[in-house]
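Quick note: the coordinates plus some simple rules give every number you see, no bench work behind them. Here the structure is a predicted model, which is why all the values come from computation and not from measurement. Cβ sites come from the backbone with ideal geometry, for glycine too, and all protein chains shown count toward neighbours.
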Amino acid sequence: MSSSEFVSAIVNGLAFGFLLFLIAVGLSLVFGVMGILNLAHGAFFMLGAYFAYAFAGADSTPLWLFVPVMLGSGLVTAAIAAVLERVLFSRMYHREHLELLVFMFALIFVGEGLVRLQWGPNPIVMTYPEGFSGSVGVFGARVPQYSFLVIVAGLAVLAALGYVLARTGAGYIIRAVAEDSMMARALGLNVALVWTSVFALGALLAGIGGTLVTPYQALSPQLGLAFLVQAFAVVVVGGLDSIAGTLVAAILLGLTNSFLVVTFSEWAPYSFYLGLIVVLLVRPQGLLGSKDLARQVG
């Protein structure tokens, strides 16, 4: 591997890792607070991507417009998720886990059907934002400019999420509910409202990730299910209840995939599954998952 290939693999791996983090962190957040593995998360990711297309079209948009489109797509997706959580999901929490999983899978296929009706079954290709379609030289390597935009967006979301959870009153309430929802309810906290808010926040992050993936990936009704598999692998490797673990796993898997593309390209598509197998065998609760989660897995 040449030095230019090494630099390119590092930058592209970090960009892919932060993209995976944006897609997967909502899964980890919802599981950590609500205790459910929201497999409908893939549908919210897909909706975010299609809303970006609806707002901006397929043509290249300037950065000053792309950022509001990204945030707007996430907010609309979050609003839909909040309604679904109150109207549908809240009626399923007392059911058996298998029934809840079947329900969420059904929502994925319903989402695919609605997307087919609105935008058709054919793939839709969106272009990069203006000024980010080319490449830039870094230590002798040519690296896509869009990779740096994805990294900056991932860092910004990470900083904002960390600030909300660690430094605000809303974050204290969320952490209290995650720690013991029954005690939080006894203390007068509106646990149902917290769950709806967290569910919507997870969808917001998925919608932002969906917008950022549009220049990389042609939009299709199967987009959500395809990326759900990768998001699931990330949160399992990192630890289902750990946002920090999700970040670490996303970066590690992104870098692993990027280096395999350069060295052993035929193995690159299987990097997620290989990492998943190794972690489950060695550390079932994930890299930074709790011991309680390990007992549940065991």
Toward the positive end of the charge dipole of the stretch 14-222, about the Cα centre and with charges on Cβ (Lys, Arg +1; Asp, Glu -1), which of Thr214, Val198, Leu65 goes farthest?
Val198
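Arrange the peptides 112-125, 227-240 so that the one whose residues have, on average, the most other Cβ atoms within 10 Å appears first.
Values: 112-125: 13.3, 227-240: 24.9.
Taking the mean over residues of other Cβ atoms within 10 Å, the ranking is 227-240, 112-125.
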Checking the stretch 1-108 for GluC sites (Glu not before Pro) in a loop per DSSP with at most 14 other beta-carbon atoms within 10 Å yields Glu96
What length, rounded to one decimal in nm, is gained on full extension from Glu99 through to Leu281, with 0.36 nm per residue of separation minus their alpha-carbon distance?
62.8 nm
For Val136, other-chain or 5+-apart residues with amide H closer than 5 Å (H placed, Pro excluded) are Val143, Gln145
Can you work out the Karplus-derived ³J(HN,Hα) for every residue in the stretch 181-196? Use 6.51 cos²θ - 1.76 cosθ + 1.60 with θ = phi - 60°, whole Hz, and x for glycine or proline.
5, 5, 5, 4, 5, 5, 7, x, 6, 7, 5, 4, 5, 5, 4, 4
Inverse of mean 1/r across different Cα pairs in the stretch 14-222, Kirkwood, Å
18.0
At 0.36 nm per residue, and after removing the present C-alpha to C-alpha distance, how many nm does the segment from Ser3 to Tyr273 gain when stretched out fully?
94.4 nm
When the convex hull of the Cα atoms of the stretch 154-205 is projected onto a plane and the area is averaged over all directions, what value comes out in nm²?
3.5
Inter-site label distance for Ala226 and Arg185 at 7 Å from Cα along Cβ, in nm
4.1
About its Cα centre, what dipole magnitude does the stretch 14-222 give when the only charges are +1 on Lys and Arg Cβ and -1 on Asp and Glu Cβ, stated in debye to the nearest 20?
160
Quote the FRET efficiency, to the nearest 0.05, computed for Val67 versus Val125 with a Förster distance R0 of 22 Å and r equal to the Cβ-Cβ distance.
0.55
Rounded to whole Hz, the Karplus (6.51, -1.76, 1.60) HN-Hα couplings of the stretch 41-51, x for glycine and proline
4, x, 5, 5, 4, 4, 4, x, 5, 6, 5
0 to 90° range, to nearest 10: angle between helix 63-87 axis and the chain longest Cα axis:
30
In whole Hz, with x marking every Gly and Pro, tabulate ³J(HN,Hα) for the stretch 107-119 from phi via Karplus 6.51 cos²θ - 1.76 cosθ + 1.60, θ = phi - 60°.
5, 4, 6, 5, x, 4, x, 5, 5, 4, 5, 7, 10
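What is the sum of charges, Lys and Arg at +1 and Asp and Glu at -1, for the other residues whose Cβ falls under 14 Å from the Cβ of Ala78?
On the way: positive: Arg86; negative: Glu85.
The answer is 0.
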